[in-house]
1. Any idea which residue in the range 46-101 is farthest from GLU34 (Cα to Cα), counting only those that are among the basic types (Lys, Arg) and touching a helix residue (DSSP H, G or I) at 6+ places or on another chain (Cβ under 7 Å)?
2. Would you mind stating whether ARG96 is charged (D, E, K, R) and under 30 Å from ALA27 (Cα atoms)?
3. Out of the residues in the range 28-64 that are of a type outside the set (Gly, Ala, Ser) and in contact (Cβ under 8 Å) with a residue 60 or more places away in the chain, which is farthest from ALA84 (Cα to Cα)?
Amino acid sequence: MSNKIALVSLDFAGTGSVCGGNKELSAMDAHLVETTIRAYLTEIRSRLDKAAGIGRAADACAGAGFHEKGLEVALDMEQLLYEATTLLNAASLINRISRQS
């Protein structure tokens, strides 16, 4: 029985090799880093503003005695909060990478 799993080798010659050595990475452009992080923070704020509006609506429903409807409305925040968290993680990662360069 052969130990070969792939019919075609996955090791590409030259720069495309999956087994390539350490390649020198160039420093991140400071202006690009700043612009990207600023854009991400703006998007985070936008999503959190929308989520806060939904939260106010959910609270109003619960305050009016419709707690089940309030929870249903509140669940609409889930995607917005996920996206805000993902954007925050991306901004943080870009910031850390730029500091290492």
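1. Within the range 46-101, the first condition is being among the basic types (Lys, Arg), and the residues that meet it are 47, 50, 56, 69, 96, 99.
With the extra rule that they be touching a helix residue (DSSP H, G or I) at 6+ places or on another chain (Cβ under 7 Å), the set shrinks to 47, 50, 69.
Numbers: ARG47: 20, LYS50: 25, LYS69: 42 Å.
Applying the filter and picking the extreme gives LYS69.
2. Working: charged (D, E, K, R): yes; under 30 Å from ALA27 (Cα atoms): yes.
Yes, satisfied.
3. We begin by selecting, within the range 28-64, every residue of a type outside the set (Gly, Ala, Ser); these are 28-29, 31-38, 40-45, 47-50, 54, 56, 59, 61.
Subset that is in contact (Cβ under 8 Å) with a residue 60 or more places away in the chain: 28, 33.
Working: MET28: 24, VAL33: 18 Å.
Among those that are of a type outside the set (Gly, Ala, Ser) and in contact (Cβ under 8 Å) with a residue 60 or more places away in the chain, it is MET28.
Read-outs: derived from the displayed coordinates by stated rules, not from any lab. All values derive from a computational prediction rather than experimental measurement. Cβ atoms come from the backbone with ideal geometry, glycine included; neighbour counts cover every protein chain shown.
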